[in-house]
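The values are calculated or read from the model by the stated rules, or taken from the named source; none is laboratory data. Keep in mind that what you see is a predicted model, and the values were worked out from it rather than measured. Virtual Cβ from ideal backbone geometry, glycine too; neighbours counted across all protein chains shown. In case anyone asks, the SASA skips ligands and DNA or RNA and just uses the protein heavy atoms, side chains included. Shrake-Rupley method; radii C 1.70, N 1.55, O 1.52, S 1.80 Å.
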Amino acid sequence: MPLVSSKEMFKGALKGGYAIGAFNVNNMEIVQGIVDAAVEEKAPLILQVSAGARKYARPEYLFHLVQAALETSNLPIVLHLDHGEDFEICKSCVDQGFTSVMIDGSKYPLEQNIAMTKKVVEYAHPRGVTVEAELGRLAGVEDAVSVAEKDAIFTDPAEALRFVEETGCDSLAIAIGTSHGAYKFKGTPTLDFERLEKIQKKLGDFPLVLHGASSVPADLVKACNDYGAKIPGAQGVPEDMITKATKTHVCKINIDTDLRLALTGTIRKCFAENPAEFDPRKYLGPARDAIKTVVKRKIKVLGCGGKA
Ligand code: G3H
Ligand code: 13P
Ligand code: ZN
């Protein structure tokens, strides 16, 4: 099956009250672990590549790893650029054959974000490629943060409507309290679901995206720390909150950190337990299995199993 666009996937997710997992890929074992899980669970899949991943693995290698996944899996797969920072990288991915790109102008003033998003939409749409944009800042928020502070960083519902109308983007990443990495909350995890509801009321049936949505499961952090890592006090978005988000218009849930933790903990354990072993397949193989386990769990949390 060729790569698919996210349009149909998001329609299904909106209607069905589930979300699609968008997993960051950096190498062969990560691609394989994710795809093996999605095949077993019959889950539609978004494989996403950051600029850093593309540079690290080199554009041709990652692209062809995904082609191999298509040849061997018969799954609907979207290949997506994660956090494209300018028109040039979006264009390069559209030209290479990605079926979705993100232009992330969230750090710029609104007018500039609108202008750069519009330019990417004008290039991508005639070529059949969908565009994700971002409005609001993804920042870890402390318990005691004031309403005024939240208003300054989280997505404003009225601005979201103007942004979507003027840019023509296909989906919007919103800021409601999630953040990237393993340290998402200083106190009790909270997401601004009221704001999410206001945004979806304004936008109607429009796909929303949650970045920074890893759950940072305690067992994965412990596996790392038990074998020498120093990741104290890590905290992610609780799984029940992710499931709650999937029942809204959030159609795409971005996961990278949980994969990194699974991979790292497994490799650390292999090294600690088998110091005489130096065949890379002996630790990358178990790491690939660990990725698969995490993704299967994630698919259950998102409710997208059986939807492929
Ligand atoms: O949102 C960021 C993703 O986790 C990708 O991270 O830019 O280090 O590849 P990266
Ligand atoms: P996490 O760091 O929570 O995995 O988020 C990843 C992400 O948003 C990629 O764009
Ligand atoms: Zn992100």
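Structure values in brief
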| quantity | calculated |
| --- | --- |
| Tilt relative to the chain, helix 157-167 - C-alpha long axis, 0 to 90 degrees, to 10 | 90 degrees |
| Exposure of Arg162 as accessible area (Å², to 10), given a probe of 1.4 Å and all protein chains | 80 Å² |
| Unsatisfied cross-links (Cα-Cα over 31 Å) in the set Lys15/Lys269; Lys202/Lys292; Lys118/Lys298; Lys150/Lys244; Lys55/Lys296 | Lys15/Lys269; Lys202/Lys292; Lys118/Lys298 |
| Candidate residues His249, His211: accessible-area rank, largest first, probe 1.4 Å | His249, His211 |
| Aspartates and glutamates with Cα under 14 Å of Lys11, excluding same-chain neighbours fewer than 8 positions away | Asp170, Asp205 |
| Burial ranking of peptide ranges 83-89, 73-79 (average Cβ count within 10 Å, highest at the top) | 73-79, 83-89 |
| Cα→Cβ-extended label distance, 7 Å offset, between Val147 and Ala229, nm | 4.0 nm |
| Label-point separation, Gln112 to Tyr61 (7 Å along Cα→Cβ), nm | 3.4 nm |
| Cross-link partners of Lys198 among aspartates and glutamates (Cα-Cα below 17 Å; sequence separation of 8 or more within a chain) | Glu134, Asp151, Asp156, Glu159, Glu165 |
| Sequence ranges 48-54, 269-275, ranked by mean other-Cβ count within 10 angstrom, highest first | 48-54, 269-275 |
| Computed magnitude of the charge dipole of the chain (debye, nearest 20; Cβ of K, R +1, Cβ of D, E -1) | 500 debye |
| Inter-label distance, nm, simple model (7 Å from Cα along the C-beta direction), Arg127/Ala272 | 4.6 nm |
| Förster-model FRET efficiency, 22 Å R0, Glu239 and Lys282, C-beta, rounded to 0.05 | 0.10 |
| Mean Cα-pair separation over length for the chain, i.e. relative contact order, pairs under 8 Å, 6 or more apart, % | 23 percent |
| Tilt relative to the chain, helix 193-203 - C-alpha long axis, 0 to 90 degrees, to 10 | 50 degrees |
| Extreme residue, positive dipole direction of region 174-254, given options Ser215, Thr190, Gln200 (C-beta unit charges) | Gln200 |
| Cβ crowding within 10 Å averaged over residues, with 254-264, 184-194, 224-234 ranked highest first | 254-264, 184-194, 224-234 |
| For the chain: rounded, prolate or oblate by the Cα gyration tensor [a/c cutoff 1.5] | oblate |
| Additional length obtainable on full extension of the chain from Lys7 to Tyr183, 0.36 nm per residue less Cα span | 60.2 nm |
| Net charge dipole size for region 171-308 [Lys, Arg +1 and Asp, Glu -1 on Cβ; Debye, nearest 20] | 260 debye |
